[in-house]
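For reference, the structure discussed in these notes is given below.
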Amino acid sequence: MANINLLPWREERRQELKQAFLVVLGVIAALGFALVMLADMIVNSAIDHQDSRNKYLEKQISELELQVKEIRELKKKKQELLDRMKVIQELQGNRPIIVRIFDEMVRSLPDGVFYNQLSRSANAINLMGIAESNNRISSLMRKVDKSEWFDDPNLTAVTANPQFGEQASEFSMSFNISTPSGNEEGEK
C-alpha cells in the first residue's frame, strides 16, 4: 500500500472550517449588533415620540389651567356683580318703604305731640318726644297700633315736664315696622 500523508489536507480542511466558522461568527455578531442597534433606535424613537406627546400634553394642561383660573376669576367677578345687583335691588325695593314709614309716622302723629329724637335699628323704631298731655300720648299709641305699617307699640317712659306746659310730659316709646302685604298696599 502506498503511503499517503493526509495531515496537510486535514490541516487545510481544519483551517477552512475554522475560517468558515469565524466568518459565520462574524456575520452573526454583525447581525446581532445590527439587531441591537435597530432595537435601540426603535426604543429611542418611541421614547422621543412619547416625550413629544408628554410635552404637548403639558403645554395643553398649562393652557387649560390658565383658562380654569380665568374662569374662576370670572365666576368670582360674576358673583360679586350678582351680590351688588342684589343689594341695589334691595335698596331700590326698600326705597319707597322708608318714605311710607315717614308718611305713616306723620299721619299717626296727633296734634300736641312733638318728636325730639328718632332712631331706627333693623325693624325697630325708638322715639322720644313731648306731648301736651297724657291723653295725646294715648292717642299716639292708638294710632300707631292701628297703623298697617307699625305693630307692637311699647311706651317705655313718661315723665312730667312742666317747662313745656302744666300737663306736658316727655315720653319714650318704641314700635316695630311691619310691611303690609301687597294687596293692602295696592288698594291704597
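The values are calculated or read from the model by the stated rules, or taken from the named source; none is laboratory data. This one's a predicted model, so the numbers in the text were calculated from it and none came from an experiment. Please note: Cβ atoms are built from the backbone with ideal geometry, for glycine as well, and neighbour counts cover all protein chains shown.
Below is a table of values for the structure above.
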| quantity | calculated |
| --- | --- |
| Residues satisfying the stated conditions in the stretch 105-140, i.e. in contact (Cβ under 8 Å) with a residue 12 or more places away in the chain and β-branched (Val, Ile, Thr) | Val113, Ile125, Ile130, Ile137 |
| Qualifying residue in the stretch 23-44 (condition: among the polar types (S, T, N, Q) and surrounded by fewer than 10 Cβ atoms within 10 Å (Cβ to Cβ)) | no |
| Test: residue in the stretch 42-51 that is modelled with pLDDT of 85 or more, in a strand (DSSP E or B) and more than 33 Å from the chain's Cα centre (by Cα) | no |
| Flag if Gln89 is out of contact with any helix residue (DSSP H, G or I) (no Cβ under 6 Å at 6 or more places or on another chain), farther than 30 Å from Pro180 by Cα and without any contact (Cβ under 8 Å) to a residue 12 or more places away in the chain | no |
| Residues of the stretch 103-128 classified as small (Gly, Ala, Ser) and surrounded by fewer than 13 Cβ atoms within 10 Å (Cβ to Cβ), total | 3 |
| Any hit, the stretch 129-149, residues being surrounded by 16 or more Cβ atoms within 10 Å (Cβ to Cβ), among the β-branched types (Val, Ile, Thr) and at pLDDT 85 or above | yes |
| Set Leu66, Leu17, Leu38, Leu57: member being over 30 Å from Ala122 (Cα atoms), assigned to a helix (DSSP H, G or I) and under 19 Å from the mean Cα position of the chain (by Cα) | Leu66 |
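Here is a yes/no grid of residues against (1) modelled with pLDDT of 95 or more; (2) farther than 30 Å from Glu170 by Cβ:
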residue	(1), (2)
Glu16	no, yes
Ala39	yes, yes
Ser62	yes, yes
Glu65	yes, yes
Phe102	no, no
Gly112	no, no
Tyr115	no, no
